[in-house]
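Q: Take this structure first; my questions come after.
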Amino acid sequence: MREFVILTGFLIKEQLAKPASWAALSVLWGILAFIFGLVLEQTQQSQMSSVFWWTALISMFLAPILSMDLFKKQNRSAFFTLLRTFGISTHWLSLAFFLQKLCLFLMIDFTLLLMAVWLLYYGEPDPYILVSASIGLLGLQACYLGICMFLASLMDSAYAVLMGATSLLLGLWLLYYAPQILGTSSQTLGQIFQEASPYQHFVQFLNGAPRLSDVTFFAFLPALCLYLAGIVSKR
Amino acid sequence: MALVLENISKNFATVDALQDVSLTLPHNSITLLLGPNGAGKTTLQKIVAGLIYPDSGQISFNGQELNTKTGVFWKLGYVSDEETWPGGHTTVKEFLILVARLKRCPTIDSEIEAIVNRLNLASVLKRRIDTLSLGFKQRVQLAQALIGDPEVLLLDEPGNGLDPKQFQELEEILLLEKSKRIILISTHRIRDCEKIADRVAILNQGRLSQVIQKEDWQRTIEKNHLKIALESSDLILTDFLDKKTIQYIRHRDWIQVILPKPESASEILSLLNQNGLIPRLWELGHINSLEDWFFTSLGKESA
């Protein structure tokens, strides 16, 4: 545990020391600020659901990029191998790398916090919905990252991870629309598919009405993915 | 004090990476692990490092069995053939501090200072590892492995990319370090490592074909020798050699006779003929270096 804390601290510090991280963050902050301004101007309402939605969409494409080279047989994977010789289990290692990447998502989400504060000051948004949507967004990002890390642990090629993970996340997003696609004939099946989509659970949080199943999903899926990534990367 | 590997086998899908490899690595010694590509050198090192679990076999250190399924050998330093630092903007000092903390060193500063001085890394301590020359990068790798004063040091192709001078410096460091630990080096640079090795283990197609002590190869170098592989028992031959006090080295399925004079070869072969022993294979040769040793051994294995 002590080693895990030391390593996680080091990895986060290392991530934030990279100019490339700050360049990417600046671009994303700029895009989100633009969307926020645009939505505000068009709707004239103090709500942020569109900004949350766009952040979720961006996260879907960002998660595969962040995890594509985690376990590939170069650079970082050699560091991963070295860390294993120190007696740190692959599960703790996977969690440390997961938290390093999640930290970047938190930095992106930070801009939403600023927007929320701005709205609270100038408008009358529902603070409960803002908090709920923020938690949902973080849960969704954790799910995406977990899935991508598991795929990264299975594949040697970084590009295969990128393509595979993006396709899978897009597929999971589309599952949300399963009831509409399948129609009334397979309503139950459509609902089952919809429940398998992380986006469905995010929408519940976004609407300020999270269920216990949504909280469980966001806690369970990343944990399962990391556990599996830990097992796979041991081989 | 020794690290003992017993009957280690490892299978990857349809490939037998290692088959029944037994090897004893004594303390205060450098063992070279030689073999062609795909012979299983890296697999064996990774098994010792706890990175890969063997399908069967046992590893013990100082008579104490290590759990190859769950644990890694704690007092171990590992130098991979890949770049094992985190990349990005990490400096040498940051990396070494991280390793020292992860290895739970009680006195981080003094330990790092001692290793940095030993490996002449003081001038690059605050530099980013990515910007260093290959020689310095290799020293950084070695420095991280030496942190925690490991009893076993594993080096996988430590000479990769080093020029002769850099390699010589690395050799000098390893010679100094060997007094305190067991060192296992897998390499292709046989000529370069010949000077520092105390023994050589040759892996071929996942099998340990030979383990040669330094004295053995040193007494054969620059001498004629006769390699004989017999179909049946070689007792008559070894008795004869013992009587004549002719030196020989018994290998797994052949005997290497170090000829005191070139004409001894015909004497030995006629003795075999007289006793109705027809050699499956015999070959007269001259060994100039450990590299010759290696190639002759591989050739004999293939034959």
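Q: So how much accessible area does B:Glu6 have, in Å² to the nearest 10, using a 1.4 Å probe?
A: About 80 Å², rounded to the nearest 10.
Q: Return a whole-number percent for the relative contact order of chain B, with Cα pairs under 8 Å and 6 or more residues apart as the contact set. Write down the numbers at each step before the final one.
A: Numbers: 522 pairs, mean separation 62.0, N = 303.
Relative contact order here is 20 percent.
Q: Add +1 for every Lys or Arg and -1 for every Asp or Glu among the other residues with Cβ under 13 Å from the Cβ of B:Leu241, and state the total.
A: On the way: positive: B:Lys243, B:Lys244, B:Arg250; negative: B:Asp234, B:Asp239, B:Asp242, B:Glu267.
Summing Lys and Arg as +1 and Asp and Glu as -1 gives -1.
Q: Once a ≥ b ≥ c are taken as the square roots of the eigenvalues of the Cα gyration tensor of chain A, is the result rounded (a/c under 1.5), prolate (a/b larger than b/c) or oblate (a/b not larger than b/c)? Please report the intermediate quantities before stating the final value.
A: Working: a/c = 1.99, a/b = 1.33, b/c = 1.49.
Judged from the Cα gyration tensor, chain A comes out oblate (a/c at least 1.5, b/c at or above a/b).
Q: Sticking with this one: Antiparallel DSSP bridges in chain B: what percent, to the nearest 5?
A: On the way: 38 of 56 bridges.
If I count the DSSP bridges inside chain B, around 70 percent turn out antiparallel.
Q: Taking loop as defined by DSSP and a crowding limit of 15 other beta carbons within 10 Å, which chymotrypsin sites (Phe, Trp or Tyr not before Pro) in the stretch B:1-92 fit?
A: Working: sites: B:Phe12, B:Phe61, B:Phe73, B:Trp74, B:Tyr78; in loops: B:Phe73, B:Trp74.
Answer in residue order: no site qualifies.
Q: Ok, one more. Within the set of other residues whose C-beta is less than 12 Å from the C-beta of B:Pro260, count the net charge using Lys and Arg as +1 and Asp and Glu as -1. Numbers along the way, then the final one.
A: Values: positive: B:Arg219, B:Lys223, B:Lys244, B:Lys261; negative: B:Glu263, B:Glu267.
The answer is +2.
Q: Something else now. Hand me the GluC sites (Glu not before Pro) from the stretch B:182-261 located in a DSSP loop with no more than 14 other Cβ atoms within 10 Å, in residue order please.
A: Working: sites: B:Glu194, B:Glu215, B:Glu222, B:Glu231; in loops: B:Glu194, B:Glu222, B:Glu231.
In loop regions of the stretch B:182-261 (DSSP not H, G, I, E or B), the sparsely surrounded GluC sites (Glu not before Pro) are B:Glu222, B:Glu231.
Q: In addition: List the residues of the stretch A:1-40 that lose 10 Å² or more of accessible area once all protein chains are present, compared with their chain alone (1.4 Å probe, heavy atoms only, no ligands or nucleic acids).
A: Going by heavy-atom accessible area, the residues of the stretch A:1-40 that drop by at least 10 Å² are A:Arg2, A:Glu3, A:Ile6, A:Leu7, A:Phe10, A:Lys13, A:Glu14, A:Ala17, A:Lys18, A:Pro19.
Q: Can you give the calculated 222 nm mean residue ellipticity of the protein assembly as shown, where each DSSP H run of n ≥ 4 adds -39,500 (n - 2.57) and the sum is split over every residue, rounded to the nearest 500 deg cm²/dmol?
A: On the way: 21 runs with 296 residues, N = 538.
When only DSSP H runs of four or more count, the value is -18000 deg cm²/dmol.
Q: How much net charge surrounds B:Ser133 when only the other residues with a Cβ under 15 Å from the Cβ of B:Ser133 are counted, with Lys and Arg +1 and Asp and Glu -1?
A: On the way: positive: B:Arg127, B:Arg128, B:Lys137, B:Arg139, B:Lys165; negative: B:Glu83, B:Asp130, B:Asp163, B:Glu169.
Net local charge, B:Ser133 excluded: +1.
Q: Treating the beta-carbon of each Lys and Arg as +1 and of each Asp and Glu as -1, no other charges, what is the dipole magnitude of the stretch B:101-185 about its Cα centre, to the nearest 20 debye? Could you put the intermediate results ahead of the total?
A: Details: 13 positive and 13 negative charges, 61 e Å.
In debye, rounded to 20, the stretch B:101-185 gives about 300.
Q: Roughly what % of Cα-Cα distances in the protein assembly as shown sit above 44 Å, to the whole percent?
A: Values: 50666 of 144453 pairs.
Above the 44 Å cut-off, the protein assembly as shown has 35 percent of its Cα pairs.
Q: Summarise the accessible area of the stretch B:109-197 (1.4 Å probe, protein heavy atoms) by the percent that is carbon and sulfur. Working shown, then result.
A: Working: 1860 of 3670 Å².
With neighbouring chains kept in place, the figure for the stretch B:109-197 is 51 percent.
Q: Now for a different question. What translational diffusion coefficient, to the nearest whole µm²/s, does chain B have by Stokes-Einstein, given a Kirkwood radius computed over alpha-carbon pairs, a temperature of 25 °C and 0.890 mPa s viscosity? Show your work: numbers first, answer last.
A: On the way: Rh = 21.1 Å.
This corresponds to a translational diffusion coefficient of 116 µm²/s.
Q: Keeping all protein chains in place, calculate the accessible area per residue for the stretch A:2-232 (probe 1.4 angstrom), answer in Å².
A: Values: 10470 Å² over 231 residues.
On a per-residue basis, the stretch A:2-232 sits at 45 Å².
Q: Same structure again: Counting only protein heavy atoms and using a 1.4 Å probe, what share of the accessible area of the stretch B:223-287 belongs to carbon plus sulfur, as a whole percent?
A: 52 percent
Q: Structure shown: which of B:Lys75/B:Lys180; B:Lys10/B:Lys75; B:Lys10/B:Lys41; B:Lys214/B:Lys243; B:Lys178/B:Lys214; A:Lys101/B:Lys75 lie over 20 Å apart, alpha-carbon to alpha-carbon? List each step's numbers first, then the result.
A: Numbers: B:Lys75/B:Lys180 12 Å; B:Lys10/B:Lys75 24 Å; B:Lys10/B:Lys41 12 Å; B:Lys214/B:Lys243 25 Å; B:Lys178/B:Lys214 15 Å; A:Lys101/B:Lys75 31 Å.
Violating the 20 Å Cα-Cα cut-off are B:Lys10/B:Lys75; B:Lys214/B:Lys243; A:Lys101/B:Lys75.
Q: Partner chain Cβ atoms within 10 Å, averaged over the residues of A:155-161 - can you pull that number for me?
A: Working: counts 0, 0, 0, 0, 0, 0, 0.
Mean partner-chain Cβ count within 10 Å for A:155-161: 0.
Q: Buried accessible area for the A:B pair, summed, 1.4 Å probe, in Å² rounded to 100?
A: Working: alone 12030 and 14450 Å², together 24250 Å².
Rounded to the nearest hundred, the buried surface is 2200 Å².
Q: Once you put a point 7 Å from the Cα of A:Leu113 and another 7 Å from the Cα of A:Ser213, both along the Cβ direction, what distance in nm separates them?
A: Each label point lies 7 Å from its Cα, and together they span 3.2 nm.
Q: What whole-number value in Å² describes the accessible area per residue of the stretch B:181-286 for a 1.4 Å probe?
A: 49 Å²
Q: Still on this structure, please answer the following. With helices defined as uninterrupted DSSP H runs, which ones in chain A have an alpha carbon span along their own long axis of at least 24 Å and mean Kyte-Doolittle hydropathy of at least -1.0? Show your work: numbers first, answer last.
A: Details: long enough: A:19-43 (36 Å, 1.43); A:49-67 (27 Å, 1.49); A:90-122 (48 Å, 1.54); A:127-154 (41 Å, 1.72); A:158-175 (25 Å, 1.87); A:212-234 (33 Å, 1.53).
The qualifying helices are A:19-43, A:49-67, A:90-122, A:127-154, A:158-175, A:212-234.
Q: Calculate, in nm to one decimal, what B:Leu134 and B:Ile236 gain on full extension: separation in residues at 0.36 nm each, minus their alpha carbon distance.
A: Numbers: separation 102, 0.36 × 102 = 36.72 nm, distance 5.43 nm.
Once the chain is fully extended between B:Leu134 and B:Ile236, it gains 31.3 nm.
Q: Still on this structure, please answer the following. How many partner chain Cβ atoms sit within 10 Å of a residue's Cβ in peptide A:80-92, on average, as a whole number?
A: Other-chain Cβ atoms within 10 Å of each residue's Cβ, averaged: 6.
Q: For a quick protection proxy, order the peptides A:173-179, B:241-247, A:47-53 by their average other-Cβ count within 10 Å, most packed first.
A: Ranked from most to least packed, the peptides come out as A:47-53, A:173-179, B:241-247.
Q: With the crude spin-label approximation of a point 7 Å out along Cα→Cβ, what separation in nm comes out for B:Asn7 versus B:Val211?
A: Computed distance between label sites B:Asn7 and B:Val211 equals 1.6 nm.
The values are calculated or read from the model by the stated rules, or taken from the named source; none is laboratory data. As the structure is a prediction and not an experimental result, all values here were calculated from the model. Quick reminder, even Gly has a Cβ in these numbers, built from the backbone with ideal geometry, and neighbours come from all protein chains shown. Surface areas here come from the heavy atoms of the whole protein model, side chains and all, with no ligands, DNA or RNA. Shrake-Rupley method; radii C 1.70, N 1.55, O 1.52, S 1.80 Å.
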